[in-house]
Amino acid sequence: SVQEIGLVLPHRMRTKALSRGQMGYVIAGLRDPREARPGTILTLQKTVNTVVGNEMILPPSMGKNVMGQQSVLYASVHPMEGEGFDELQAAVEKLSLNDTGLEIHRTAGSSNNSNGGGPFLGPGLKVGFQGLLHVEVFRQRLLDEFDLEAIVTPPKVPYTIEYLPSKSYKRPSDLPMIEVIEDLIQWPPAGHRFKVMEPVVEVRILAPVDYAGNILELIKRKRGFKMETKPVDEHTWLFTAAMPWADVVTDFHDELKTTSAGYASFDVSAADPPLVEANLTKVDIMLNGEVVDPLAFVCHHDVAQSQARVVCQKLQGVLPRQQFVTVIQAKADGKIVASERIRAYRKDVLTTGGSKAVGGGDITRKKKLLEKQKKGKKRQQSTGRVTLSQAAFNSVISRSS
């Protein structure tokens, strides 16, 4: 119900009516401000039946998606420190009041929750965005308006999974054979027979003709197809191609700028068809034998091992050194495809204050001290936790370079 109506001048002035072309405001009895979505229709009580019965002719600019925008990619948002989850949740809810493109899914406060970050990140929020620029604006607004530093996991796009008949695994009859997954925690485990349909977009690139070879090579490396080139003038070409959305939302923008020395620009639009079948596989990243769900990514089966090796090497460079050995492993299709180690800090237990604590002669005393230190390091490795930073997730985003 409408409680007050008026004009914005820019101060509010209460009136009895609004005419076409006037900028006004409406005060309604809404419990949740997010219920006021763009495209909401206000009508008189006596004309409700006409609107509900779809007898009202709407303006052409009001499409079906105006009432609720569909997110094109999803990412998990976690506080930099575990105890800051309540502050992060309150800040994101305030941002969503004037950013209707955000799609927020609240999660439980348990670190074991599927939408949480596990023991490495703790609880978090699953947020839907309209694009990569939207993610950057979201992070910057959290920092500028609320002084909160948040960790945003690599963007994930929705995949359509179609399960195939299998003798080794029979899917329960109450579950659909086709489902759309937005979180990689729902990815079918190894051994199941299924095919994957990934979203595809049409990419248009405007760049100088001098960089045509580099740009065509980049599009090919990003699994682009239906490539076309069209000269705009004697110095500029227009490149058009269909590309998997997952390859566009990672590091395509950075690689395009590097390839063209910053001169190229691009935009995306819906492709026809919007989904194509692809031979994709999920790569899990493990730290000391424990899977870190937010670091998982999906890539083409042919480049799974090479990209997994790049991620492990980059994580080796950005993860902090601990008092115990940190083993970084990548697993795809049920087997380890890449592995790296971060050496532990070590203290020379055979010396104290610069002088020898254990003299020469009997080697068994030295071996006993070294073995005792080795057991302590192994115990720390099983109980210690590795701290993840935003740089760790950037390693997954830039895995192809």
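Which percent of the Cα-Cα distances in the stretch 247-304 go past 13 Å? Show your work: numbers first, answer last.
On the way: 1234 of 1653 pairs.
For the stretch 247-304, the share of Cα pairs beyond 13 Å comes to 75 percent.
To the nearest 10 Å², what's Asp174's accessible area with a 1.4 Å probe?
120 Å²
Using a cut-off of 18 Å between alpha-carbon atoms, which aspartates and glutamates can reach Lys226, once sequence neighbours fewer than 8 places away in the same chain are excluded?
Those aspartates and glutamates meeting the cut-off are Glu198, Glu202, Glu217, Asp247, Asp267, Asp272, Glu277.
For the pairs Lys167/Lys335; Lys156/Lys230; Lys170/Lys195; Lys220/Lys257, flag any whose C-alpha to C-alpha distance is greater than 25 Å. Before the final figure, lay out each step's value.
On the way: Lys167/Lys335 22 Å; Lys156/Lys230 32 Å; Lys170/Lys195 15 Å; Lys220/Lys257 16 Å.
In this structure, Lys156/Lys230 exceed 25 Å between Cα atoms.
Which whole-Hz couplings ³J(HN,Hα) result when phi for each residue of the stretch 245-259 is put into the Karplus expression 6.51 cos²θ - 1.76 cosθ + 1.60, θ = phi - 60°, listed in order with x for Gly and Pro?
4, 5, 7, 7, 7, 8, 10, 4, 4, 5, 5, 5, 5, 5, 5
Using label points projected 7 Å from each Cα along Cα→Cβ, tell me how many nm separate Ala270 and Ile104, to one decimal.
2.8 nm
What distance in nm separates the two pseudo spin-label positions at Gln316 and Met13, each 7 Å out from Cα along the beta-carbon direction?
If labels sit at Gln316 and Met13, their model points lie 7.1 nm apart.
With every protein chain kept in the model, how would you rank Met13, Met23, Met243 by accessible area, 1.4 Å probe, largest at the top?
On the way: Met13 80, Met23 135, Met243 0 Å².
Order by accessible area, largest first: Met23, Met13, Met243.
Quick query: amide H of Ile104 versus all other amide H atoms, modeled in the peptide plane; which residues come in under 5 Å with a sequence gap of 5 or more or a different chain?
Hits under the 5 Å cutoff: Gly128.
Compute the orientation-averaged projected area for the stretch 150-275 from the convex hull of its Cα atoms and round it to one decimal in nm².
Values: hull surface 41.5 nm².
Orientation-averaged projected area of the Cα hull: 10.4 nm².
If you rank Thr40, Thr259 by how much accessible surface each has, with a 1.4 Å probe, what is the order from largest down?
Numbers: Thr40 70, Thr259 35 Å².
The residues order as Thr40, Thr259, largest area first.
Could you compute how much accessible surface Tyr345 exposes when probed at 1.4 Å, giving the result in Å² to the nearest 10?
That residue has around 110 Å² of solvent-accessible surface.
Under the Karplus relation 6.51 cos²θ - 1.76 cosθ + 1.60, θ = phi - 60°, what is the ordered set of whole-Hz ³J(HN,Hα) values for the stretch 85-99, x standing for Gly and Pro?
For the stretch 85-99, the Karplus curve yields 5, 5, 5, 5, 4, 5, 5, 5, 5, 5, 5, 5, 5, 10, 10 Hz.
In whole Å, largest first, what are the principal axis extents of the Cα atoms in the stretch 222-329?
61, 33, 20
Gain in length, Lys220 to Lys170, computed as 0.36 nm per residue apart minus the alpha-carbon separation, to one decimal in nm? Before the final figure, lay out each step's value.
Details: separation 50, 0.36 × 50 = 18.00 nm, distance 3.79 nm.
In short, 14.2 nm is gained.
The values are calculated or read from the model by the stated rules, or taken from the named source; none is laboratory data. Bear in mind that the values here come from a model prediction, so they are computed numbers and not experimental data. When we count neighbours, we look across all protein chains shown, and the Cβ atoms used for this are built from the backbone with ideal geometry, even at glycine. Just so you know, the surface numbers come from the protein's heavy atoms only, side chains and all, with ligands and any DNA or RNA stripped out. Shrake-Rupley method; radii C 1.70, N 1.55, O 1.52, S 1.80 Å.
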